[in-house]
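Written below as structure tokens is the structure these notes are about.
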Amino acid sequence: MKKRTKVDEIVLLKAAQEPAKLARKLHPFYRGKIEVVPKCRIETLNDFSIWYSPGVAAVCADISKNPELVYEYTNKWNTVAIVSDGTRVLGLGDIGSEAGLPVMEGKALLYKYLGGVDAFPICLDTKDEKEIIRTVKILQPSFGGVNLEDISQPKCFSVLDALRKECKIPVWHDDQQGTALVALAGFINALKVVGKKVNKIKIAMIGAGAANICISKLLTLYGANPANIVMVDIKETLHKDRQDLELCKEQWNIASITNASDIRGGAKEAMENADVVIALSAPGPGVIKKEWIKAMAKNPIVFTCANPTPEIWPWEAKDAGAVVVATGRSDFENQVNNSLGFPGVFRGALDVRASSITDAMCITAAIELASCIPDNKIRPNKILPTMDDWEIFPKIAAAIGVKAVKEKIAVKKLSYDKIYSDAKEIIKRSRAITETMMKKGYIGKCEK
């Protein structure tokens, strides 16, 4: 490998900072990233008597008699509410609902372009757990599903648990299930690169937030030995003597079943002789040191997924000996990012009208996502597809939908092929609309 020079590092660092620079220029140019457009034909003004009064009254009467018709007569079947209180936005923390709105709009953009799903940002002016739960519940008539986003812990766990139990529509927390699904998919293929077995490896997890807690759950369900997982929070490793963890049920559960070797200390100690490190902690760089990676087991796997900046720059991790390096950023190789998961997950859940999105469905989707790269095509710098591999999304949709049918939580009993073909057409249409609007100039171009 060619030795990297200081000039090379400056070039890499400048490129890594470019997205933030462009974001500040392009956001005010477009004044938002999504809008509402009609999906029905409007050829004369007389058409409004069909789409609105008086004709719409007949449709309302039908739904009143049979509420299930709402899925056939309205767009409820294809809508998702993106709900946030702005208390844990990216790596920025509690910056408020208004400051979190650009993220939620971006999420809605990805839902539409990648999954054909109409998603709407709903940023709440409350941090109260009970108010969040109540608000989501009373919004149910308008939406086919709910995506919880950027809600701080521990309430993110209790809010999700309550809503999954009490709502008739699927509710998922993307910072938990979405991140975990994609991380598991990357993990599956990374192990193939280094030739290691899931039940034999030691895993260090840096960060004990919603994402890593859910990742540890899916890893265990997939076959990882919890005794060989060591998680670290802002204080130290999670272990059975950490009485302060009793305030958070999820962290306490992790402490009680992991770290069988009773490793004490911080990230440095947790990473020693580890085969894999999965970090979703504080934005870097410098949160993880080169020397800690050098002290890992042979052929280490390093996932540093803090946003907007990974815990260590990927080129530094490779210099330290990491064989597979992944981050959460789309401008680096091996992006472990929710965007590879949630558009397809909700496409499938909505299309079969699933009442929930279970852990088993997430694992099924992760295996499907991992399989989108054939074994003979997997490389250290290619463990996951990218967002422009758009056909992964109907595949994930089909896998999710079939699993929901098998778990008997789907209203529509559709086959894999039917879900896949329908999802593919919906997503193709969504992408074509955007591309047509760009060609026609209705979406203008800002000179960068």
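The values are calculated or read from the model by the stated rules, or taken from the named source; none is laboratory data. Only a predicted model underlies this, so the values are computations on that prediction, with no experimental measurement involved. Cβ: placed from backbone, ideal geometry, glycine included. Neighbour counts: every protein chain shown.
So for the range 100-115 (the condition being free of Cβ contacts under 8 Å to residues at least 24 places away in the same chain and of a type in the set (Asp, Glu)), does at least one residue qualify?
At the first step, the residues of the range 100-115 found to be free of Cβ contacts under 8 Å to residues at least 24 places away in the same chain are 101.
Next cut, of a type in the set (Asp, Glu) only: none.
Checked the range 100-115: no residue is free of Cβ contacts under 8 Å to residues at least 24 places away in the same chain and of a type in the set (Asp, Glu).
Check whether at least one residue in the range 158-166 is among the polar types (S, T, N, Q), farther than 21 Å from Ile392 by Cα, not in a helix (DSSP H, G or I) and not assigned by TED's automatic domain parsing to the domain that holds Glu425, and report yes or no.
Our first condition is that a residue be among the polar types (S, T, N, Q); within the range 158-166, this holds for 158.
From what is left, the residues that are farther than 21 Å from Ile392 by Cα are 158.
In the following step, the residues that additionally are not in a helix (DSSP H, G or I) were identified as none.
No, the range 158-166 contains no residue that is among the polar types (S, T, N, Q), farther than 21 Å from Ile392 by Cα, not in a helix (DSSP H, G or I) and not assigned by TED's automatic domain parsing to the domain that holds Glu425.
Please find, within the range 268-299, the residue that is surrounded by the fewest Cβ atoms within 10 Å (Cβ to Cβ) out of those that are within 17 Å of Ile215 (Cβ to Cβ) and not aliphatic (A, V, I, L, M).
Filtering the range 268-299 for residues that are within 17 Å of Ile215 (Cβ to Cβ) and not aliphatic (A, V, I, L, M), the one surrounded by the fewest Cβ atoms within 10 Å (Cβ to Cβ) comes out as Asp275.
So Ile132 passes all but one of these: (1) under 24 Å from Gln251 (Cβ atoms); (2) outside the structural domain of Asn199 (by TED's automatic domain parsing); (3) under 19 Å from the mean Cα position of the chain (by Cα). Which condition number does it fail?
In the conditions (1) under 24 Å from Gln251 (Cβ atoms); (2) outside the structural domain of Asn199 (by TED's automatic domain parsing); (3) under 19 Å from the mean Cα position of the chain (by Cα), Ile132 misses (3) alone.
Taking only the range 130-180 into account, find how many residues are surrounded by fewer than 17 Cβ atoms within 10 Å (Cβ to Cβ) and of a type in the set (Asp, Glu).
Of the residues in the range 130-180, 3 are surrounded by fewer than 17 Cβ atoms within 10 Å (Cβ to Cβ) and of a type in the set (Asp, Glu).
Looking at the range 71-103 only, could you name the residues that are under 30 Å from Cys60 (Cβ atoms) and of a type in the set (A, V, I, L, M)? Working first, answer last.
Pass one, the range 71-103, residues under 30 Å from Cys60 (Cβ atoms): 71-83.
Scanning the range 71-103 gives Val80, Ala81, Ile82, Val83.
Report whether or not Ala270 is assigned to a loop (DSSP other than H, G, I, E, B), over 24 Å from the mean Cα position of the chain (by Cα) and at pLDDT 95 or above. Outline the logic, then answer.
On the way: assigned to a loop (DSSP other than H, G, I, E, B): no; over 24 Å from the mean Cα position of the chain (by Cα): yes; at pLDDT 95 or above: yes.
So Ala270 fails the test.
With the condition kept exactly as written, say whether any residue in the range 387-401 is assigned to a helix (DSSP H, G or I), free of Cβ contacts under 8 Å to residues at least 60 places away in the same chain and over 20 Å from the mean Cα position of the chain (by Cα). It would help to see each step written out before you state the result.
Keep residues of the range 387-401 that are assigned to a helix (DSSP H, G or I), which gives 392-401.
Subsequent filtering for residues that are free of Cβ contacts under 8 Å to residues at least 60 places away in the same chain retains 392, 394-396, 398-401.
Applying the additional criterion that residues be over 20 Å from the mean Cα position of the chain (by Cα) yields none.
No - not one qualifying residue is present in the range 387-401.
Do you know which of the residues in the range 209-236 that are within 23 Å of Gly93 (Cβ to Cβ) and not hydrophobic (A, V, I, L, M, F, W, C) is surrounded by the fewest Cβ atoms within 10 Å (Cβ to Cβ)?
Applying the first criterion (within 23 Å of Gly93 (Cβ to Cβ)) to the range 209-236 yields 209-216, 231-236.
Filter once more, so that each one left must be not hydrophobic (A, V, I, L, M, F, W, C): 209, 212, 216, 233, 235-236.
Numbers: Gly209: 21, Asn212: 28, Ser216: 25, Asp233: 22, Lys235: 11, Glu236: 15.
Selected residue: Lys235.
What's the total number of residues in the range 285-317 that are in contact (Cβ under 8 Å) with a residue 60 or more places away in the chain and among the charged types (D, E, K, R)?
Selection size over the range 285-317: 1.
Among the residues of the range 417-448, count how many are crowded, with 16+ Cβ neighbours inside 10 Å, free of Cβ contacts under 8 Å to residues at least 40 places away in the same chain and farther than 21 Å from Leu109 by Cβ.
2
Pick out the one residue from Ile201, Ile169 that is within 30 Å of Ile263 (Cβ to Cβ) and part of a loop (DSSP other than H, G, I, E, B). Don't jump to the end; show me each part of the working.
Values: Ile169 fails: within 30 Å of Ile263 (Cβ to Cβ).
Answer to the check: Ile201.
Taking into account only those residues within the range 111-142 that are of a type in the set (A, V, I, L, M) and part of a loop (DSSP other than H, G, I, E, B), which is nearest to Ile392 (Cα to Cα)?
Going through the range 111-142, the residues of a type in the set (A, V, I, L, M) turn out to be 114, 117, 119, 122, 124, 132-133, 136, 138-139.
Now restrict to residues that are part of a loop (DSSP other than H, G, I, E, B): 117, 124.
Details: Val117: 15, Leu124: 32 Å.
Per the stated criteria, the residue is Val117.
Mind listing just one residue for me: the one in the range 226-266 that is of a type in the set (Gly, Ala, Ser) and not in a loop (DSSP other than H, G, I, E, B) and, of those, nearest to the chain's Cα centre (by Cα)? Step through it out loud before you land on a result.
Pass one, the range 226-266, residues of a type in the set (Gly, Ala, Ser): 227, 255-256, 260-261, 265-266.
Adding the requirement that they be not in a loop (DSSP other than H, G, I, E, B) leaves 227, 255-256.
Details: Ala227: 26, Ala255: 25, Ser256: 27 Å.
Filtering the range 226-266 for residues that are of a type in the set (Gly, Ala, Ser) and not in a loop (DSSP other than H, G, I, E, B), the one nearest to the chain's Cα centre (by Cα) comes out as Ala255.
Restrict the check to the range 395-410 and report whether at least one residue is farther than 17 Å from Gly341 by Cβ and buried (at least 21 other Cβ atoms within 10 Å of the Cβ). Outline the logic, then answer.
Looking only at the range 395-410, we keep the residues that are farther than 17 Å from Gly341 by Cβ, and these are 405-410.
Narrowing further to those that are buried (at least 21 other Cβ atoms within 10 Å of the Cβ): 410.
Looking through the range 395-410, at least one residue is farther than 17 Å from Gly341 by Cβ and buried (at least 21 other Cβ atoms within 10 Å of the Cβ).
Pick from the range 337-379 the residues that are of a type in the set (Lys, Arg) and part of a helix (DSSP H, G or I): which of them is farthest from Phe393 (Cα to Cα)?
We begin by selecting, within the range 337-379, every residue of a type in the set (Lys, Arg); these are 347, 353, 377, 379.
Checking which are part of a helix (DSSP H, G or I) leaves us with 347, 377.
Working: Arg347: 8, Lys377: 19 Å.
It comes out as Lys377.
Determine whether the range 193-208 contains at least one residue that is surrounded by 23 or more Cβ atoms within 10 Å (Cβ to Cβ), of a type in the set (Val, Ile, Thr), in contact (Cβ under 8 Å) with a residue 40 or more places away in the chain and not assigned by TED's automatic domain parsing to the domain that holds Asp118.
yes
Search the range 71-110 for residues being touching a Phe, Trp or Tyr at 6+ places or on another chain (Cβ under 7 Å) and assigned to a helix (DSSP H, G or I), and hand back the single one that is surrounded by the most Cβ atoms within 10 Å (Cβ to Cβ).
Taking the range 71-110 as the starting set, the residues that turn out to be touching a Phe, Trp or Tyr at 6+ places or on another chain (Cβ under 7 Å) are 71, 76-77, 79-82, 108.
Imposing the further condition that a residue be assigned to a helix (DSSP H, G or I) reduces the set to 71, 76-77, 108.
Working: Tyr71: 17, Lys76: 19, Trp77: 16, Ala108: 22.
Taking the candidates together, the pick is Ala108.
Count, please, the residues in the range 356-376 that happen to be in contact with a strand residue (DSSP E or B) (Cβ under 7 Å, 6 or more places away or on another chain) and either among the small types (Gly, Ala, Ser) or farther than 15 Å from Leu191 by Cβ (or both). Step through it out loud before you land on a result.
Kept after step one, since they are in contact with a strand residue (DSSP E or B) (Cβ under 7 Å, 6 or more places away or on another chain), are these residues of the range 356-376: 357, 373.
Next, only the ones that are either among the small types (Gly, Ala, Ser) or farther than 15 Å from Leu191 by Cβ (or both) stay: 357.
The qualifying residues number 1.
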